[in-house]
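Beneath this line is the structure, given in structure tokens, with notes to follow.
The values are calculated or read from the model by the stated rules, or taken from the named source; none is laboratory data. In this text the structure is predicted, and so the values were computed from the model without any measurement. Cβ atoms come from the backbone with ideal geometry, glycine included; neighbour counts cover every protein chain shown.
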Amino acid sequence: METPFGILRIATPEQLRDFLEDKINSFRDLDAQEIEAFQKVMRVLENAIAGKYGLYEIVLGLDAEARKTGVDSVERVVQEAKSIIKESEEA
């Protein structure tokens, strides 16, 4: 996920899952609404990986699910992942 120069890259659905899990685990004191919202987003991700969807389709699904939750922390994490994926594609 990280290049030798410390640049974060997300190029596969599995790397996206690892990134999201790391971000979620870095939060302290999540409330019940945040936990439920993150669980919903992760279920969408796992279903998409199992369905062998591409990274682009997965990110669109995660973005839609994150917006539906209405939880700021979830939306921010998904937006951060989208930005990293975009930068990874451009590199």
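Where residues in segment 49-60 are over 21 Å from Glu87 (Cβ atoms) and among the hydrophobic types (A, V, I, L, M, F, W, C), which of them is nearest to the chain's Cα centre (by Cα)?
Ile49
Quick one: which residue in Leu16, Leu30, Leu62 is in contact with a helix residue (DSSP H, G or I) (Cβ under 8 Å, 6 or more places away or on another chain), of a type outside the set (Gly, Ala, Ser) and not in a helix (DSSP H, G or I)? Show your work before the answer.
Numbers: Leu16 fails: not in a helix (DSSP H, G or I); Leu62 fails: not in a helix (DSSP H, G or I).
The unique qualifying residue is Leu30.
Out of all the residues in segment 41-63, which are closer than 12 Å to Leu20 by Cβ and among the basic types (Lys, Arg)?
Hit for segment 41-63 is Arg43, nothing else.
Would you mind telling me which numbered condition in (1) out of contact with any strand residue (DSSP E or B) (no Cβ under 9 Å at 6 or more places or on another chain); (2) under 23 Å from Glu89 (Cα atoms) Arg9 fails?
Only one criterion is unmet by Arg9, namely (1).
Name the residue, out of Ala81, Ala66, Ala48, that is in contact with a Gly (Cβ under 8 Å, 6 or more places away or on another chain) and of a type in the set (A, V, I, L, M). Step through it out loud before you land on a result.
Details: Ala81 fails: in contact with a Gly (Cβ under 8 Å, 6 or more places away or on another chain); Ala66 fails: in contact with a Gly (Cβ under 8 Å, 6 or more places away or on another chain).
Being in contact with a Gly (Cβ under 8 Å, 6 or more places away or on another chain) and of a type in the set (A, V, I, L, M) holds for just one of Ala81, Ala66, Ala48, which is Ala48.
Matching residues to (1) surrounded by 13 or more Cβ atoms within 10 Å (Cβ to Cβ); (2) β-branched (Val, Ile, Thr); (3) modelled with pLDDT under 95:
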position	(1), (2), (3)
Glu2	no, no, yes
Thr12	yes, yes, yes
Leu16	yes, no, yes
Lys23	yes, no, yes
Arg28	no, no, yes
Ile49	yes, yes, yes
Tyr53	yes, no, yes
Ile85	yes, yes, yes
